[in-house]
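Data block below; observations after.
The values are calculated or read from the model by the stated rules, or taken from the named source; none is laboratory data. Because the structure is predicted, anything quoted here is derived from the model rather than measured. Every residue, glycine as well, gets a Cβ built from its backbone with ideal geometry; the counts of neighbours run over all protein chains shown. Note: areas computed on protein heavy atoms with side chains; ligands, DNA, RNA excluded. Shrake-Rupley method; radii C 1.70, N 1.55, O 1.52, S 1.80 Å.
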Amino acid sequence: MAFCPRCKRLMRPDLFLRKNLCPSCGLGIPMEGPRPRAVATAAREERAAPATPTFSYRAGQAEAVRQILTAINEGVTTILLEAPVGFGKSLVVTEVAKQLRARGWRGYYTSPQNALLDQVASDPLTGPSWSVARGRKNYPCLQSPNDTTVAEGWCFFGRPCSCLEKVGPSGGPSPTCPGCHGTGRRDPRTDPWSCGYRDGQGEPERCPYFEAREIAARSQLSAMTFDYLISASTTAEEGATEGPPEVGAPAMPPLPRFEPRDFLIIDEAHGLGEEGPRSYALTLHREKWPSAEWSAWWAAEGEPLLQASEEELLALSPTVVEGFLLAAKEAARLHLEHLVVTPLSGEEDLRKRSRARMQAEQEERKLSNALEDLRGGSPWIVGLDADTRGLRLSPVLGTTFLTQLLWPLARVRILASATFLDPETFLSELGLPTGKVLHLRPDSDFPPGAAPIYTRPSVTLSYDRREQGWREATEMLDVILDHEPERGIVHVNSYTLLDHLRLNAAERHRARLVFHGRRSRTGEFERWTKEGGRGTVFVGVHFEQGTDLKDELARWQVVVKCPWAPVKDPRVVARRALPDGGSWYELQALRSLVQSFGRIVRSPEDHGRTYVLDASAVRLLHRCSSTLPPYIRARLQAGEAGPPFLFAQAAPDPTKGTAPTGT
């Protein structure tokens, strides 16, 4: 058993590569001992259908597996598993996948949350069932030193050209060589290969990226990130050879594309509706394409819009947006042609050319998909992009993206989350039919009294009384810190509020509080979870999803502000203007709230307390009480009386007030 020296995760032995591989960062550490060819071949076959340790079912898990398999037998094509935090959704869907594999079915596992893939891959109960593939940057290049990834390796930038051997090292590459154009490197797009690296036994090593991708593509059960699944299912990469063509080694066939399969499992699927707008979004600016035609078009059409107001941009017609997309697509096409025909001037030029060509091809595909989406009647918006001083084009809905690229990948879809809340609205948002659907909502076996949610007292944090409301919330947080000596986490929804707490928290508590910056968000959180001292408190922006603070990691948490979507965001403005915009807006906030409630108390034996300070969040919980899962209602009831030590700060009953402003 070995642990990764970088990220401390349990490493998985790879008998084919004779290495222990980290499922998180991809680091490989050579094993000791000989490497017989027969062992390598057997290991490769074994990895395509690995054995998984059995586990003992907990309350409700066996019944969930049985119901899912029964529904599939009866022809149900969409299954929603809405299970509480700590239920073991990943274990349940993996057990379903194993039983479907025994029937000869093939399937995918993915999630919009990349961290969840790492958890599933490293878990000894789920990881061995899945052949995991990630992007090039997650694998070390065997040929290049200094932790170079495959995204920067020879197979990406080009192998040394054979003209170097003919002319000689002192003479350099041949300036007339048609293969490398005088650079000494072959173009990796027309001459793909593996690096031909050989281990201590003199045997060729397969590149870990190509190896993982090929095994995942041929395996019955494959797991990958959401973005990589979409990319790998729509594009194919050429296979790698076992050595340079000059030495006569046999070339591998092209790597198989990730084709449609029998079933698709999406974990933490509640955020799928936001993946379409995120994946389809495009930025246009003056330096987007280095051509005179694009510069002229931008000066005439794009530059004047940089002075327009948000209202004027939102009012642009679909015809104008289509003109932007057509101009950008033509510029991308011309740029690709230019990259192909222009001679290279050196190795560094080859590196830049490889990156530019890949980016241009990706942009051209995105533009084609965007045009199809727009012409199909989907609303699009234009906004300003501060990072590039350009324009940002994005769809208001993600339905077309999902129906075009995701749902065709499987005939049976199993979606798991703790917060679907309104299944009919959720399925409509994703473009899925509401006919043959199974909605499973198993109850929690966590005792509600061990995880109360306190909603009284609370404060009004609307925009018109922000200064006073933030001061009152800070005073309440100080009182909570006085009575909560253990580790905890404070959820805020903006860096402005985070900075306010940083500057105004009581002096006696500042040594306990851990804040983060815009660029240090993930690093500071990981450092706090691993190295934070007893009684320290992390204050973070939007940590309501994807964090697991079990047991002593956090015994309490505070939700300072309701996580409303930003009302000034152009897409939120356009989405709220649609007929169902009001209910969509509330549902997004409610999902985020329920997600935040699950960051602590991760098992029946765990315990912790949740404090909700924002009166608009409390009103939302009461107004949508019938939509909440039963276990959340039980936790709210357990905390209904509120903590006595806070009632010195008591405010009016938040359930009797105006509708939330969302600010």
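The calculated FRET efficiency for the pair Thr148 and Glu361, based on their C-beta separation and a Förster distance of 35 Å, comes to about 0.95. May I ask for the percentage of alpha-carbon pairs in region 418-497 that lie more than 19 Å from each other? Of all Cα-Cα distances in region 418-497, 63 percent exceed 19 Å.
The C-alpha radius of gyration of region 470-577, expressed as a fraction of 2.2 N^0.38 Å, stands at 1.12. Backbone geometry of region 107-119 corresponds, through the Karplus equation with coefficients 6.51, -1.76 and 1.60 at θ = phi - 60°, to 3J(HN,Hα) couplings of x, 10, 10, 8, 7, x, 9, 4, 5, 5, 4, 4, 5 Hz, x marking Gly and Pro.
Candidates Ile453, Ile480, Leu498 compared by Cα position along the dipole of region 448-571: farthest toward the positive end lies Leu498, with charges placed on Cβ.
A convex hull fitted to the Cα coordinates of region 589-640 yields 83 cubic angstrom per residue.
Once all protein chains are placed together, Ser317 keeps about 50 Å² accessible to a 1.4 angstrom probe.
For region 81-142, the alpha carbon convex hull comes to 119 Å³ per residue, rounded to a whole number.
Sequence-ordered 3J(HN,Hα) estimates for region 407-420 from the Karplus curve with 6.51, -1.76 and 1.60 and θ = phi - 60° stand at 5, x, 6, 7, 8, 10, 10, 10, 10, 10, 5, 9, 9, 6 Hz, glycine and proline given as x.
Rolling a 1.4 Å probe over the heavy atoms of the protein chains gives region 253-333 an accessible area of 45 Å² per residue.
Treating r as the C-beta distance of Thr496 and Arg218 and R0 as 51 Å, the FRET efficiency rounds to 0.50.
With N as its number of residues, region 451-528 has a Cα radius of gyration that, divided by 2.2 N^0.38 Å, comes to 1.15.
Taking only the C-alpha atoms of region 330-477, the Rg (one decimal) and the largest Cα-Cα distance, Dmax (whole number), read 24.8, 71 Å.
Accessible area per residue for region 403-510 is 43 Å², calculated with a 1.4 Å probe on protein heavy atoms, without ligands, DNA or RNA. The largest accessible area among Asp267, Asp445, Asp118 belongs to the first residue in Asp445, Asp118, Asp267, and the rest follow in falling order (1.4 Å probe, all chains). Spherically averaged projected area of the convex hull of Cα atoms, region 257-297: 5.6 nm². The Cα atoms of region 551-638 define a convex hull whose projected area, averaged across directions, is 6.5 nm². Solvent-accessible surface (1.4 Å probe) assigned to Ser626 amounts to roughly 110 Å².
Quick one: length gained pulling His509 to Arg286 fully straight, 0.36 nm per residue minus the C-alpha distance?
Once the chain is fully extended between His509 and Arg286, it gains 75.4 nm.
Once both labels are positioned 7 Å from their Cα atoms along Cα-to-Cβ, the gap between Asp551 and Thr388 label points is 4.7 nm.
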